[in-house]
Structures are given as C-alpha cells and as structure tokens.
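Here the structure is laid out as structure tokens; the discussion comes afterwards.
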Amino acid sequence: MIDDIEKIIRAAGNIMLNRENLIIKTKGTRENIATSADYEVERFLRKKLTEILPGSSFIGEEDGGEGEGKYRWIVDPIDGTANYARDLKVSTISVALTENGTPALGFVYQPYTDEMFRAEKDKGAYSGNNRIHVSDRPLANSMFCTSWSAYKKERASMCFRISERMFPLCEDIRRFGTAAYELCLLAEGRIDIYYEASLQPWDFAAGALIVREAGGFVGSVKEKESYDKECPIIASNRKENFEVLEKIVSEEMFRLS
Ligand code: LIP
C-alpha cells in the first residue's frame with residue numbers, strides 16, 4: 001500500500017505545482033490564508049486515500065473531518081501555504097495514517113525538490129529509498145528551527161524570548177515556514193532542534209512519526225503531543241537537547257500565563 005500512497009501523493013504534488021488561476025483567501029486573520037490549490041489537493045487526497053483504505057476516515061486542514069473508525073488520515077494538503085502563495089518553493093504535502101489514534105504511517109512530500117520522506121511505525125524512516133537518522137550534534141553546534149506565532153501574534157513575545165534564550169546555546173536559527181518539512185530536515189540530520197508554539201495535528205502528525213523512526217525525540221511540553229487539538233511541539237536529535245529546550249519553553253509559557 002505504501003507505493004500506492006506515494007503515487008497518490010506525487011499526483012497531488014502535480015496538482016499543487018499547477019498555479020494557473022490560483023485564488024488566495026484569508027481564514028480569519030491576514031496571516032492565515034488558504035489557496036484554491038489547498039482545497040483542490042485536499043479533495044483529491046480525501047477521495048483517493050479513502051478509496052484505497054475502505055472504511056477509513058479523513059481529516060484535512062481545509063474541509064475538516066468526517067467518519068470514525070480504527071484508521072484515520074490526517075492531512076495538510078499544503079503545509080507552508082504562506083510560502084506557496086508567494087511561490088517561495090518551500091511547501092510540502094503532509095499525510096499521516098493513524099491506527100486507533102496513533103500514527104502508523106507518515107509521508108511528507110516536497111514537490112519542488114521531489115523529496116519524499118516516509119516512515120512506518122517500528123520500521124524506520126526514509127528519504128526516497130535511503131534510510132535516514134537524526135544527527136549527533138551537541139546543542140552548541142545545533143541548527144534551531146522555530147517560528148514566532150504568525151497566526152496568533154499575542155504569543156510572539158514569548159516565542160521571541162525563547163529564541164533569545166536558545167540563540168547563545170545553539171549554532172544558529174532557521175525558519176522554513178513548513179513544520180512538516182522542518183521535522184523531516186531534523187529526521188534527516190540536516191537541522192537538530194525544533195520548536196513551535198502551536199501546531200495543528202495535520203502540521204506535525206506525519207513529521208513526528210518520521211522524527212521518532214529516525215531516532216529523534218518529539219513531543220509537546222511535559223506531555224505527549226495531542227492528535228485531537230493544536231499543541232506546542234518540540235523535537236530534537238538528542239534527549240538532553242530536547243530537555244534543555246523543553247525547560248526554557250515551559251518557563252516562558254508559565255511567564256505568559
Ligand atoms: C504552517 C506551519 C508552519 C507554522 C505556520 C503554519 P500551514 O502550516 O507548517 O510551520 O509556523 O504558522 O501553521 O498553515 O501553512 O498549513
């Protein structure tokens with residue numbers, strides 16, 4: 001079934017790359033947008049993925065959820081929509097299949113570079129046909145991927161404080177604007193530590209499985225990540241680095257409250 005899913009996701013990537021007559025609209029705030037391609041990709045994936053797994057349910061960022069049952073697809077049709085709207089060519093399709101609420105399969109596809117990341121629970125993480133693994137860099141040599149809460153700017157000051165405290169401890173900071181891709185870059189050992197204040201399950205469900213299967217550590221703050229609601233997400237190559245960031249995030253979250 002993995003080959004069939006990848007074929008479907010690549011076909012969705014072709015839909016995403018076709019920008020003719022693209023329509024862009026806001027979803028509440030000026031920073032939170034959706035494009036006609038988001039809807040087209042999601043509707044294509046909803047049809048094709050529920051066809052190959054009869055009885056499975058589906059939840060997507062744009063059209064929401066339907067159905068119940070043991071298997072559920074959790075899909076972000078275009079993760080990094082703001083990048084996509086500007087044709088920055090760093091956006092991904094994120095597809096997770098959960099079994100009884102826990103990710104069993106995860107796929108993240110970057111159509112601009114034809115990078116297909118995938119993981120199956122307890123069977124490792126891959127980029128194409130290559131097995132991938134997190135880096136072994138110490139915190140001082142770590143590249144830190146994060147964001148500053150563009151969708152909810154009331155949390156921006158907390159996010160900047162966390163970045164200000166992390167910056168002297170790590171090597172440098174990067175922001176790619178697609179959580180799914182950043183988690184895959186961590187799984188592949190190209191970046192090393194990651195935090196976002198608030199992600200929806202469709203942003204991280206696939207990427208979190210890929211990180212874990214690549215030997216990394218991922219979760220929320222002092223608890224496991226939730227697949228039912230938005231939550232903060234922390235990930236790292238090493239447990240001790242994860243714990244340093246988790247402590248800083250927890251302290252700054254407490255100050256905000
Ligand atoms: C985006 C994430 C990104 C985050 C944005 C947004 P979207 O997902 O991938 O990392 O910082 O706020 O949530 O909305 O483009 O699917």
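The values are calculated or read from the model by the stated rules, or taken from the named source; none is laboratory data. This structure is a prediction, so every number in the text was calculated from the model and none was measured. Here the Cβ positions follow ideal geometry from the backbone for every residue, glycine too, while neighbour counts run over all protein chains shown. Just the protein is used for accessible areas: all its heavy atoms, side chains included, with ligands, DNA and RNA removed. Shrake-Rupley method; radii C 1.70, N 1.55, O 1.52, S 1.80 Å.
Results, tabulated for the structure shown:
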quantity: Residue check for residue 191: within 14 Å of the ligand (Cβ to nearest atom) and farther than 24 Å from residue 111 by Cα; calculated: no
quantity: Residue, nearest to residue 83 (Cα to Cα), within segment 110-127, restricted to residues that are open to solvent by 30 Å² or more (accessible area, probe 1.4 Å) and either in contact with a Lys or Arg (Cβ under 9 Å, 6 or more places away or on another chain) or at pLDDT below 95 (or both); calculated: 112
quantity: Check on residue 173, of a type in the set (Val, Ile, Thr), touching a Leu at 6+ places or on another chain (Cβ under 7 Å) and not assigned by TED's automatic domain parsing to the domain that holds residue 29; calculated: no
quantity: Identity of the residue in segment 194-226, in contact with a Gly (Cβ under 6 Å, 6 or more places away or on another chain) and away from the ligand (no atom under 15 Å from the Cβ), that ends up farthest from residue 79 (Cα to Cα); calculated: 213
quantity: Among (1) without any contact (Cβ under 8 Å) to a residue 60 or more places away in the chain; (2) under 17 Å from residue 111 (Cα atoms), the one test that residue 30 misses; calculated: (2)
quantity: Per-region count, segment 109-158, residues more than 25 Å from residue 253 (Cβ to Cβ), away from the ligand (no atom under 16 Å from the Cβ) and hydroxyl-bearing (Ser, Thr, Tyr); calculated: 4
quantity: Identity of the residue in segment 159-183, touching a Cys at 6+ places or on another chain (Cβ under 9 Å) and open to solvent by 20 Å² or more (accessible area, probe 1.4 Å), that ends up farthest from the ligand (Cβ to nearest atom); calculated: 173
quantity: Wholly enclosed strands (runs of 3 or more DSSP E) of segment 1-100 bearing at least 2 residues at pLDDT 95 or above and in contact with a helix residue (DSSP H, G or I) (Cβ under 8 Å, 6 or more places away or on another chain); calculated: 57-60, 71-79, 92-99
quantity: Selection count, segment 86-106, where residues are within 13 Å of the ligand (Cβ to nearest atom) and either surrounded by fewer than 19 Cβ atoms within 10 Å (Cβ to Cβ) or not assigned by TED's automatic domain parsing to the domain that holds residue 33 (or both); calculated: 3
quantity: Enumeration of residues in segment 31-78 that are within 18 Å of residue 228 (Cα to Cα), in contact with a Gly (Cβ under 9 Å, 6 or more places away or on another chain) and open to solvent by 10 Å² or more (accessible area, probe 1.4 Å); calculated: 56, 59, 67, 69, 70, 71, 72
